[in-house]
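Report on one structure; see the data block that follows.
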Amino acid sequence: VAFTKFNIISNLTGCQLDSSINNVIIGTSWSGEVTPNEGYSLKNASIQITMGGADITNTAYSNGIITIEKVTGEVVINITCVEVPVYSITRNLVGCTSNKDTVSIGEGKPYNEVFTAMEDYRLNGASVSITMGGWQIESMYYSDGVLSIPEVTGDIVININAEVIPVY
């Protein structure tokens with residue numbers, strides 16, 4: 001008995017599809033997961049899935065998962081992931097050290113860094129200025145030697161001038 005099979009064709013840029021199945025018997029289901037490559041994101045990606053020439057993107061795709069309940073024609077998956085911007089991290093530290101030497105980070109990622117006062121210095125009373133994308137953020141994301149940014153949106157510049165412990 002011969003079964004009609006339809007091709008699954010994928011045209012992917014900046015991402016991978018976890019399914020190696022490239023043809024499916026008519027009437028059966030098919031699914032796959034799309035994973036962005038390093039430095040790419042599905043957020044704002046261009047996504048179009050057609051079956052038998054009809055656009056089924058809205059019903060077949062959700063959050064990186066493609067699910068087709070019943071294949072009735074050739075499936076073409078076109079996905080172009082968006083390259084994630086990379087931002088610089090610059091430090092100007094006086095009288096303190098950092099637990100990080102990271103010089104760049106991708107957009108949208110969380111960033112955490114811990115600063116420790118050197119001998120004869122203290123962070124309590126330090127002059128602290130931290131910007132992200134040109135905006136002052138130390139009041140929101142810095143406290144007691146800990147920088148904790150939930151989502152990076154621009155270049156980070158960290159200026160910490162620890163206070164010299166007075167000698168009496």
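A few remarks follow.
- Loop-resident sites, segment 1-100, for GluC sites (Glu not before Pro), counting at most 13 other Cβ within 10 Å (DSSP): GLU38, GLU69
- For the chain, alpha-carbon Rg over 2.2 N^0.38 Å: 1.62
- In segment 1-86, the trypsin sites (Lys or Arg not before Pro) that fall in loop regions by DSSP, at most 14 other Cβ within 10 Å: LYS70
- Full-extension gain in nm, ILE21 to THR80, via 0.36 nm per residue minus C-alpha separation: 19.2 nm
- Percent of Cα-Cα distances greater than 19 Å, calculated over segment 43-139: 62
- Calculated mean residue ellipticity, 222 nm, the chain: -500 deg cm²/dmol, from DSSP H runs (n ≥ 4) at -39500 (n - 2.57) each, averaged per residue and rounded to 500.
- More than 19 angstrom apart: percent of Cα pairs within segment 1-72: 33
- For segment 22-130, the relative contact order comes to 25 percent (Cα pairs under 8 Å, sequence separation of at least 6).
- Heavy-atom accessible area order for THR72, THR102, largest first, 1.4 Å probe: THR72, THR102
- In the context of the full set of protein chains, residues of the chain present 60 Å² of accessible surface per residue (probe radius 1.4 Å, heavy atoms only).
- Where no second cysteine Cβ lies under 4.7 Å, the cysteines concerned in the chain: CYS96
- Share of pairwise Cα separations in segment 108-154, more than 16 Å, in percent: 40
- Carbon-plus-sulfur accessible fraction, the chain (probe radius 1.4 Å, protein heavy atoms only): 49%.
- Average Cα contact separation per residue, segment 1-83, under 8 Å, 6 or more apart, as relative contact order %: 42
- GLU119 paired with THR153, simple spin-label distance in nm, labels 7 Å along Cα-to-beta-carbon: 4.3
The values are calculated or read from the model by the stated rules, or taken from the named source; none is laboratory data. For clarity, every value in this text was computed on a predicted model and none was experimentally measured. Glycine gets a Cβ as well: all are built from the backbone with ideal geometry, and neighbour counts include every protein chain shown. Accessible surface areas use protein heavy atoms only, side chains included; no ligands, DNA or RNA. Shrake-Rupley method; radii C 1.70, N 1.55, O 1.52, S 1.80 Å.
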